[in-house]
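Written out below as structure tokens is the structure these notes cover.
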Protein chains: 2
Amino acid sequence: MKLSEAKQQFISTWGAMGTHWGINRTMAQVHALLMISPDPLTQDDMMAQLNISRGNVNMNIRDLIDWGLVERVLIPGERKEYFVAEKDIWKVATQITKERKKRELDPMMKLMDQLSKVEGDKKDKEVKAFVDAVNGIKKFGTQADHMLDVLVKSDENWFVSTLMKLFR
Amino acid sequence: MKLSEAKQQFISTWGAMGTHWGINRTMAQVHALLMISPDPLTQDDMMAQLNISRGNVNMNIRDLIDWGLVERVLIPGERKEYFVAEKDIWKVATQITKERKKRELDPMMKLMDQLSKVEGDKKDKEVKAFVDAVNGIKKFGTQADHMLDVLVKSDENWFVSTLMKLFR
DNA sequence: TCGAATTTTCAATAATTTTTGAAAATTAAA
DNA sequence: TTTAATTTTCAAAAATTATTGAAAATTCGA
């Protein structure tokens, strides 16, 4: 398989995967493109390579920056802005994990705390089924929370240690 | 907060979460409704409680069954079909994990294997960046695969052991 | 400060996904 | 069988989400 074809495959598959991961297709494609680029790219580069409009690139780049997956880089003497993606896939995974924990798990847990205080007779099977479900989710959420923390923390260490190697 | 209000909140939030988890809003709502129901429900029950059409209930129930999260139950002497959801949230989580591994991770890994065989000079920085990215993902995927297996297996044991308790 | 290059915004449009509802198929009681 | 209850299907409609592109805003060199 030729590089150009392989690139296309990679970008399109990563895009399709993105939709399963809670980010939109184009955002994942932009990310994919940047992940396999040896050099920083401009918005125009991405427009050309992915065949999408300026506005689209711009918005998705902004989202990727919010997710902590892409950053702006300044190239001395250049007027245009350049962008690079985090290349370390473990870093990508922990970053996504962290963000989703913040955006999804934390608010869910807050709600469950409220819902577990529902009024009503615990003898009523309707009430009991509800409270049981909510408490189950709370317990699960707490455990998941800890597990994810361990993962993210261990990975931060791992990341730091890999990074350190580069400097010694 | 009253039960009816709490239920509504629960269903609507679980539905919103579903969209982040790769399943559609209504499917997640049907699942939520079944999770907090002490008794099996019919399609008509769900139509009434969620205000959705018969076809919609039917399709989403089918999907939930495919995901292994809901099952049909027969109530002796009743003509209609009844449905119950897996109530154990850990079981739900491992089931989803298993399915997503099968649907997302496995195909992704297969593709990466192909893509790592891209032709071209490894000295070319374009080729190198591509191969590095693909190999990084392969390594990551393999580790994730093992991790998920451990999770699912340990949980299967845990589930079996909880189940056993019911019978002794 | 000015003005060209570049980035950002956002209303309109396009594409995609979900939902409906009625017809067809299936099921099981009589 | 026949028939009425129930489930399933799927084309059309509605709702949602993503994309465009041009105008507005910003940035930076001269």
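The values are calculated or read from the model by the stated rules, or taken from the named source; none is laboratory data. What you see is a predicted model; the values in this text were computed from it and never measured. Every residue, glycine among them, receives a Cβ derived from its backbone with ideal geometry; neighbour counts consider all protein chains shown. Surface accessibility is based on the protein's heavy atoms, side chains included, excluding ligands, DNA and RNA. Shrake-Rupley method; radii C 1.70, N 1.55, O 1.52, S 1.80 Å.
Cβ-Cβ distances below 8 Å connect the following pairs, each with a first residue in the stretch A:130-149 that is in the same structural domain as A:ASP113 (by TED's automatic domain parsing), a second residue that is of a type in the set (S, T, N, Q), and a separation of six or more residues or different chains: A:VAL131/A:SER116; A:VAL134/A:SER116; A:ASN135/A:SER116; A:LYS138/A:SER116; A:LEU148/A:THR97. Filtering the stretch A:19-49 to residues that are within 18 Å of the chain's Cα centre (by Cα) and within 11 Å of DNA strand C (Cβ to nearest atom) leaves A:THR19, A:HIS20, A:ASN24, A:ARG25, A:THR26.
Applying a threshold of 8 Å to beta carbon distances and a minimum spacing of six or more residues, or different chains, the list of pairs starting in the stretch A:50-77 at a residue that is within 11 Å of DNA strand C (Cβ to nearest atom) and ending at one that is among the charged types (D, E, K, R) and open to solvent by 100 Å² or more (accessible area, probe 1.4 Å) reads A:ILE65/A:GLU71; A:ILE65/A:ARG72. Can you confirm whether the stretch B:119-130 contains a residue that is modelled with pLDDT of 90 or more, closer than 27 Å to A:LYS91 by Cα and in contact with a Ser or Thr (Cβ under 7 Å, 6 or more places away or on another chain)? Yes.
Going through B:LEU33, B:LEU41 one at a time, which residue ends up being more than 11 Å from DNA strand D (Cβ to nearest atom) and at pLDDT 95 or above? Full working, then the answer.
On the way: B:LEU41 fails: more than 11 Å from DNA strand D (Cβ to nearest atom).
Testing whether each residue is more than 11 Å from DNA strand D (Cβ to nearest atom) and at pLDDT 95 or above leaves just B:LEU33.
Considering the conditions (1) acidic (Asp, Glu); (2) within 14 Å of chain A (Cβ to nearest Cβ); (3) under 21 Å from B:VAL152 (Cα atoms), B:ASP113 is excluded by exactly one of them, (3).
Would you mind finding the one in B:GLU71, B:GLU5, B:GLU78 that is more than 13 Å from the chain's Cα centre (by Cα), within 10 Å of chain A (Cβ to nearest Cβ) and among the acidic types (Asp, Glu)? Explain how you work it out, then say what you get.
Working: B:GLU71 fails: within 10 Å of chain A (Cβ to nearest Cβ); B:GLU78 fails: within 10 Å of chain A (Cβ to nearest Cβ).
Answer to the selection: B:GLU5.
Within the stretch A:2-23, the presence of at least one residue that is among the aromatic types (Phe, Trp, Tyr) and more than 12 Å from DNA strand D (Cβ to nearest atom) is confirmed.
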